[in-house]
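**Student:** One structure follows; several queries about it will come next.
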Amino acid sequence: MDLINLNNKSSNEFVKIGILFETLVVNSIEVYLKNSNKSIKSKVLMGSKDSHFELDGLIPEGIDTLEGQTMLEIKLYTNGNTYFRNVKKITDQLNKRIEIHPSIKSVLLIFGFNFSSEEKKDLESKFKELIKCDFKIWDINDLYKIDEQFEMFLSENISNISELIVNNAVNKGIQKNTYDWKKVRETRLKEEL
């Protein structure tokens with residue numbers, strides 16, 4: 001059961017969908033974490049001058065049962081088998097990042113696929129053999145539990161993902177304190193004087 005069928009999507013379109021999916025996931029986790037007074041940082045650059053990398057997200061205080069700094073890794077592949085084929089590649093990348101930054105205590109892997117409970121357990125056991133820290137795997141079902149917007153992914157209909165991202169941005173803007181813009185204006189006016 002493919003979430004995204006590459007036969008019907010160009011490579012550029014698939015990359016765009018991946019970026020939109022990642023944005024939607026980070027925004028949903030941000031809202032989810034607000035309930036427990038936690039935050040998420042997205043697109044975090046880490047590393048040294050010789051070797052650096054970008055994290056999809058970093059949750060400084062952990063999430064659910066994952067404690068400590070938690071790295072967020074989001075993957076969207078064309079079918080479920082690809083997740084199984086890439087276990088070693090993914091864990092090698094994650095373990096390298098953990099070695100460079102030992103402050104990372106756990107990993108939340110977000111997979112854009114709707115696994116059966118048996119498939120998910122099998123995937124978790126494969127990761128458990130190789131990954132060097134606590135981890136959890138969330139699939140589309142887990143994302144749907146924290147945000148109903150992911151319902152469209154349960155039925156493999158991703159045609160509205162752009163609209164969801166726009167709605168997400170608009171809702172964030174509406175939720176902001178209406179006095180924020182006034183504070184910014186007053187600060188800038190004071191700076192000019």
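The values are calculated or read from the model by the stated rules, or taken from the named source; none is laboratory data. The structure displayed is predicted, hence computed values, not measured ones. Please note: Cβ atoms are built from the backbone with ideal geometry, for glycine as well, and neighbour counts cover all protein chains shown.
**Student:** Closer than 18 Å to ILE137 by Cβ and either at pLDDT 90 or above or in contact with a helix residue (DSSP H, G or I) (Cβ under 9 Å, 6 or more places away or on another chain) (or both): is that true of PHE14 in this structure? Lay out the reasoning, then the answer.
**Tutor:** Working: closer than 18 Å to ILE137 by Cβ: no; either at pLDDT 90 or above or in contact with a helix residue (DSSP H, G or I) (Cβ under 9 Å, 6 or more places away or on another chain) (or both): yes.
Here the answer is no, as PHE14 does not meet what is asked.
Conditions tested, residue by residue: (1) buried (at least 17 other Cβ atoms within 10 Å of the Cβ); (2) more than 21 Å from GLY18 (Cβ to Cβ); (3) touching a residue at least 12 places away in the same chain (Cβ under 8 Å); (4) under 17 Å from the mean Cα position of the chain (by Cα).
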site	(1), (2), (3), (4)
ASN35	no, yes, no, no
LYS38	no, yes, yes, yes
LEU45	no, no, no, yes
PHE53	no, no, yes, yes
ASP56	yes, no, yes, yes
ILE59	yes, no, yes, yes
GLY62	yes, yes, yes, yes
TYR77	yes, no, yes, yes
GLY80	yes, no, yes, no
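**Student:** Does region 86-109 hold any residues that are at pLDDT 90 or above and acidic (Asp, Glu), and which are they?
**Tutor:** Correct list: ASP92 only.
**Student:** State the number of residues belonging to region 98-108 that are under 11 Å from ASP134 (Cα atoms) and not β-branched (Val, Ile, Thr).
**Tutor:** Residues that pass the stated criteria total 3.
**Student:** Looking at (1) under 21 Å from LYS132 (Cα atoms); (2) at pLDDT 90 or above, find the lone condition where GLU30 falls short.
**Tutor:** Condition not satisfied by GLU30: (1).
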